[in-house]
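Undergrad: One structure coming up, written as structure tokens, with questions to follow.
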Amino acid sequence: MDFGCGPGFFAVPLAKVTERTIAVDASLRMLEKAASYAKRSGVIVEFLKSNGTKIGLPDQSVDMVFLNHVFHEIDHRPRVLMEFLRIMKTSGRLVVIEKTQGSRLLGGKLGPPVIDSREVVQEMEHAGFILMQMIAHGSDSIIVGQKPW
């Protein structure tokens with residue numbers, strides 16, 4: 001599942017290599033753009049409108065939840081992380097990519113804000129995820145958590 005999928009930059013490539021791809025966004029406009037991109041690309045993606053507090057999927061139905069520069073935008077993070085745990089299969093992965101180094105462009109008006117990777121890890125662990133890996137990638141960090149067995 002690509003949470004905060006926007007116009008489908010990651011959902012569509014994921015759909016090319018996975019059995020099932022679900023794209024979730026709070027914006028109907030972004031979901032429409034992502035659906036158009038998926039159609040042009042000839043891939044099948046399921047689309048859901050949600051802010052994350054209630055995602056219309058059954059318990060233990062996804063292997064991975066992927067967020068690219070979205071974590072910092074989530075309202076009610078504890079509730080959303082608990083919802084991710086609910087829909088994730090046992091040993092499922094949560095992959096969060098956030099800008100964790102550098103300065104904000106033009107005073108933070110362009111690009112994602114810088115967020116402390118420790119804050120992401122702390123919130124993930126508080127919700128019940130186990131930190132599996134943290135990878136520095138340029139000014140970003142890729143933080144991988146796992147749902148416990």
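The values are calculated or read from the model by the stated rules, or taken from the named source; none is laboratory data. The structure displayed is predicted, hence computed values, not measured ones. Cβ placement follows ideal geometry from the backbone for every residue including glycine, while neighbour counts extend to all protein chains displayed.
Undergrad: Any residue in segment 81-91 that is small (Gly, Ala, Ser) and either in a helix (DSSP H, G or I) or out of contact with any Phe, Trp or Tyr (no Cβ under 7 Å at 6 or more places or on another chain) (or both)?
TA: No.
Undergrad: Identify the residue in segment 102-131 that is of a type in the set (A, V, I, L, M, F, W, C), under 16 Å from the mean Cα position of the chain (by Cα) and modelled with pLDDT of 95 or more and, among all such residues, is farthest from Val144 (Cα to Cα).
TA: Residue satisfying both the conditions and the ranking: Ala127.
Undergrad: Moving on to the next point. Can you tell me which residues in segment 11-25 are touching a helix residue (DSSP H, G or I) at 6+ places or on another chain (Cβ under 9 Å) and either in contact (Cβ under 8 Å) with a residue 40 or more places away in the chain or surrounded by 14 or more Cβ atoms within 10 Å (Cβ to Cβ) (or both)?
TA: Across segment 11-25, the qualifying residues are Ala11, Val12, Pro13, Ala15, Thr21, Ile22, Ala23, Val24, Asp25.
Undergrad: So which residues in segment 46-59 are in contact with a Lys or Arg (Cβ under 9 Å, 6 or more places away or on another chain) and closer than 17 Å to Phe9 by Cα, if there are any at all?
TA: Within segment 46-59, just Glu46 meets the criteria.
Undergrad: If Asp75 meets every condition in (1) of a type in the set (D, E, K, R); (2) under 13 Å from the mean Cα position of the chain (by Cα); (3) assigned to a loop (DSSP other than H, G, I, E, B) apart from one, which number is that one?
TA: Unmet for Asp75, out of (1) of a type in the set (D, E, K, R); (2) under 13 Å from the mean Cα position of the chain (by Cα); (3) assigned to a loop (DSSP other than H, G, I, E, B): (2).
Undergrad: Sticking with this one: Take segment 37-72 and flag every residue that is acidic (Asp, Glu) and part of a strand (DSSP E or B).
TA: Matches in segment 37-72: Glu46, Asp63.
Undergrad: Being under 20 Å from Ile130 (Cβ atoms) and at pLDDT 95 or above, is that true of even one residue in segment 41-60?
TA: yes
Undergrad: Would you please list the contacts, defined by Cβ atoms under 6 Å and residues six or more apart or on different chains, that run from a residue in segment 42-62 that is farther than 13 Å from Leu31 by Cα and surrounded by 12 or more Cβ atoms within 10 Å (Cβ to Cβ) to a residue that is at pLDDT below 95 and basic (Lys, Arg)?
TA: Close Cβ pairs (under 6 Å, with a partner that is at pLDDT below 95 and basic (Lys, Arg)) do not exist here.
Undergrad: Val120 - would you say it is more than 12 Å from Val96 (Cα to Cα) and either polar (S, T, N, Q) or surrounded by 11 or more Cβ atoms within 10 Å (Cβ to Cβ) (or both)?
TA: no
Undergrad: Let me ask another. Given the conditions (1) under 16 Å from Ile22 (Cβ atoms); (2) of a type in the set (Gly, Ala, Ser); (3) surrounded by fewer than 17 Cβ atoms within 10 Å (Cβ to Cβ), report the number of the one that Ser139 does not fulfil.
TA: Among (1) under 16 Å from Ile22 (Cβ atoms); (2) of a type in the set (Gly, Ala, Ser); (3) surrounded by fewer than 17 Cβ atoms within 10 Å (Cβ to Cβ), Ser139 violates only (1).
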